[in-house]
Amino acid sequence: MPGIKGPSDYSLEPPRHPRLKINAKEPFNAEPTRSDLITSYVTPVEFFYKRNHGPIPVVDDIERYSVSLCVLINNSKELFMKDIWKLPKYTVTATLQCAGNRRTAMSKSRTVKGVGWDIAAIGNAVWGGAKLADVLELVGIPYLTSITQSGGKHVEFVSIDKCKEENGGPYKASIPLSQATNPEADVLLAYEMNGEPLNRDHGYPLRVVVPGVIGARSVKWLESINIIADECQGFFMQKDYKMFPPTVNWDNINWSTRRSQMDFPVQSAICSLEDVSVVKHGKITIKGYAVSGGGRGIERVDVSVDGGKTWVEANRYQKTGIPYIADDSSSDRWAWVFFEAEANIPQRAEIVVKAVDISANVQPESIDSIWNLRGILNTSWHRVQVRVGQANL
């Protein structure tokens, strides 16, 4: 592609914030600290988790950069950034979450395969760009189309990014055409993040944002969009990011028996405390985030200071001064909520959080019941240990 340099090594890595917790250097994967994650409802770009499968591509000529849009070979169009900028611009506040968020905790139950993540492989941003539904209209695919006349039922996104799992080929993923052509699904071809052009870590110059769906489907550094009959056959659609039961291991796994994961389940985590914390005597404030996939709002967040025997309901909020109502137009449908609860802590306590979404989905109590060999979708109750004492002991 004109204007693209796809580095074969890691010598061209962009600058990053020194407080990021680096989970892997090559390819670079990092998350913010818990306290940095909840400093702001809209996550600052420098504290938005970095998830990569290969070296970061370099686009050095924005005027020559283009995206190929192909409809089952019969109809193709080359889109330049000036074409995408001409389309109506939308901003969507959406939380992206890596499917491996909280994997480290799952690996303590039984070994799993994958990059270790604490609870911060998640972030909330204001994405700006064109709706994919409008882009697809440029090649004659109307809104709310489930299947094209030539049999296309899926939209495949192919990245400039090259990765070893694809034997040096590009990272790719797909979503159903019905979702892509639904303007209410808010799928974007995004060129802005928090009001600024995307930076290299987050997909400059153009990426896909699929709200409510695991981050693996929001392909960065977009090279082409293909309308295809069947789901994308790429590694990360067919041999990764699928939810298996605890009985499946690497000897008996059959990838074809499970669907590709799309929406993420209801999730919450405590961010104001580490796994083990020492606090002063008296009342403490417990803070964190809660989110659910598919545009399902958060109906309730429950906090316990006795390991889950008794519970209090936490306050939920998105924007300061505006009451959060899960399915109201004043709330951001695709975004997390922050929660806050105050409690008096006994000498030692296990603090637990669980969230319930508007469909009454609730987080499972134990990791063991949802353990899977890839360590994805750890949505078990989040637990931290606290004791009262001097912080320097």
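The values are calculated or read from the model by the stated rules, or taken from the named source; none is laboratory data. Please read these numbers as outputs of a predicted model, since none were measured by experiment. Glycine gets a Cβ as well: all are built from the backbone with ideal geometry, and neighbour counts include every protein chain shown. Side chains included, ligands, DNA and RNA excluded: accessible areas come from the protein's heavy atoms. Shrake-Rupley method; radii C 1.70, N 1.55, O 1.52, S 1.80 Å.
Worth a mention:
- Pair LEU144, TYR90: separation of 7 Å Cα→Cβ label points (nm): 1.5 nm
- Portion, in percent, of the accessible area of the chain that falls on carbon or sulfur, probe 1.4 Å: 50 percent
- Over all other residues within a Cβ to Cβ distance under 10 Å of GLU31, the charged ones net out to +2, with Lys and Arg as +1 and Asp and Glu as -1.
- Lysine pair count for region 267-388 with Cα-Cα distance under 20 Å and sequence separation of 8 or more or different chains is 5.
- Non-local Lys pairs in region 18-121, i.e. 8 or more apart or on different chains, that have alpha carbons under 21 Å apart: 8
- Subtracting the Cα-Cα distance of ILE325 and LYS21 from 0.36 nm times their residue separation leaves 106.1 nm of extension gain.
- Rolling a 1.4 Å probe across the protein heavy atoms gives region 12-82 an accessible surface of 47 Å² per residue.
- Note on LYS153: aspartates and glutamates with a C-alpha under 14 Å away, same-chain residues under 8 apart excluded, are ASP230, GLU231.
- The chain, helix-only ellipticity at 222 nm - DSSP H runs n ≥ 4, -39,500 (n - 2.57), divided by all residues, nearest 500: -1500 deg cm²/dmol
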